[in-house]
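Notes follow once the structure below has been shown.
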Amino acid sequence: MIRTERLRLKPLNAEELLLAAQNASENHVKNALAYRREMVLAHPDSFEWYTEWALMTADEQVTIGGIMLMAERNDREIGYGLDAKYRNKGYMTEAVCALIGWMFRQSEGLAYVVAETEKENTASQRVVIRAGLSRYKETGESVWWRLGRDADHTV
């Protein structure tokens, strides 16, 4: 569990991922959670690196979104989503910064944290910019961002 002033980030275990997948309303989310569950089961001693992290408010313990970690060679990619009523309040930036800090503290071999945003998704781009990631390439409809180990991981 990672704690910030306003949030708790909890890595979901295999049982929690199964439940989340069963309750997901969109097929792409169900498939992503099912894949995360397979990865968690394949890596039980380091499952935190392969799972969905639930974002919960510290005061109410309400789940408001999530961040997925994905392997990308010696890098880790993050993907995230937030319930609409919690957007534009800095929650995702706070969560992304906390998780990136945790990732670099936990793995000396981690070179970069990367993220992909859609070119039109300016809200998601603001999150990665505020978290310190820099644009490093564009492909089709996407913009790719990264933050290296030596960067400042605080907001």
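Numerical summary
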{"read-out": "Scan of the range 47-102 for residues that are over 14 Å from the mean Cα position of the chain (by Cα) and small (G, A, S), ordered by number", "value": "A58, A84, G90"}
{"read-out": "Output for the range 32-49, where each listed residue is out of contact with any helix residue (DSSP H, G or I) (no Cβ under 6 Å at 6 or more places or on another chain) and in a helix (DSSP H, G or I)", "value": "A32, Y35, E38, M39, A42, P44, D45, S46, E48, W49"}
{"read-out": "Residue tally, condition surrounded by 15 or more Cβ atoms within 10 Å (Cβ to Cβ), charged (D, E, K, R) and not in a strand (DSSP E or B), over the range 7-31", "value": "2"}
{"read-out": "Selected residue (criterion: nearest to S142 (Cα to Cα)) from residues of the range 59-89 that are part of a strand (DSSP E or B) and acidic (D, E)", "value": "E77"}
{"read-out": "Single residue of A131, A123, A98 found to be among the small types (G, A, S) and within 14 Å of E77 (Cβ to Cβ)", "value": "A131"}
{"read-out": "Qualifying residue in the range 130-152 (condition: of a type outside the set (D, E), assigned to a helix (DSSP H, G or I) and either in contact with a helix residue (DSSP H, G or I) (Cβ under 6 Å, 6 or more places away or on another chain) or free of Cβ contacts under 8 Å to residues at least 60 places away in the same chain (or both))", "value": "yes"}
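Where a number appears in this text, it was derived from the coordinates with a stated rule and is not lab data. Because the structure is predicted, anything quoted here is derived from the model rather than measured. Every residue, glycine among them, receives a Cβ derived from its backbone with ideal geometry; neighbour counts consider all protein chains shown.
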